[in-house]
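Let me begin by presenting the structure, written as structure tokens, before commenting on it.
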């Protein structure tokens, strides 16, 4: 699963072709930008257009870079705030949401990953599962699993760094 968020609202040009059937054709480029952006990365990711990420992080400009996040973690922003999960992609071409980031159930606004038994997300378990699946696929297909594993690693690193910051 991979997707992209872009700035702007999809606008439609409604057309009736048959009775009780209405086509909704996009009349602007928002959908095309999202689809194009989504294809720029591999793995299970949520890509965020740079303009949108910059707008979301307007009051936290330091966080538009990994270096800025590390240097200014900002104690005033809660550790479970969704803005902490927006970071540049490794190629620095756009942004992504670190959605595998585990949250503290007692204070989180959203639950990132649960199972039917309400078990918390386990980084190591999910990585091992994805590595096993990747080993049985062609190189092209396994690259998507490897990129997802890399995303899990980035989520864990930022999670650990943020947790350390708030504990000290």
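We did not get these values from a lab; they are worked out from the coordinates using the rules stated. Just so it is clear, the structure is predicted and the values come from calculations on it, not from any experiment. Heads up, the Cβs are rebuilt from the backbone with ideal geometry, glycines too, and the neighbour counts pull from every protein chain shown.
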**Prompt:** Once the Cβ-Cβ distance between residue 157 and residue 2 is put in as r, and R0 is 25 Å, what FRET efficiency do you end up with, to the nearest 0.05?
**Reply:** 0.75
**Message:** Once R0 is set to 22 Å, what does the formula 1/(1 + (r/R0)^6) return for the Cβ-Cβ distance between residue 166 and residue 66, expressed as a FRET efficiency to the nearest 0.05?
**Reply:** 0.75
**Item:** Per-residue Cβ neighbour rank within 10 angstrom, fewest leading, 152, 10
**Value:** 10, 152
**Request:** Please report 99, 164 as a ranked list, fewest other C-beta atoms within 10 angstrom at the top and most at the bottom.
**Result:** 164, 99
**Request:** State the antiparallel share, in %, of DSSP beta bridges confined to the chain, rounding to the nearest 5.
**Result:** 80
**Asked** What angle do you read, to the nearest 10 degrees and between 0 and 90, between the alpha-carbon axis of helix 123-134 and the longest principal axis of the chain?
**Response** 50
**Asked** Stretch residue 9-residue 135 to full length: gain in nm at 0.36 nm per residue minus the Cα-Cα span?
**Response** 41.4 nm
**For 52, 141, order by how many other beta-carbon atoms lie within 10 Å, fewest first** = 141, 52
**Request:** For helix 139-167, report the angle its Cα long axis makes with the longest principal axis of the Cα atoms of the chain; keep it between 0 and 90° and round to the nearest 10°.
**Result:** 50
**Complete:** Residue span residue 38 to residue 23: 0.36 nm per residue of separation minus Cα-Cα distance leaves a gain in nm of 3.0 nm
**Asked** Any idea what the relative contact order of the chain is, in percent, if you count C-alpha pairs under 8 Å spaced at least 6 apart?
**Response** 20
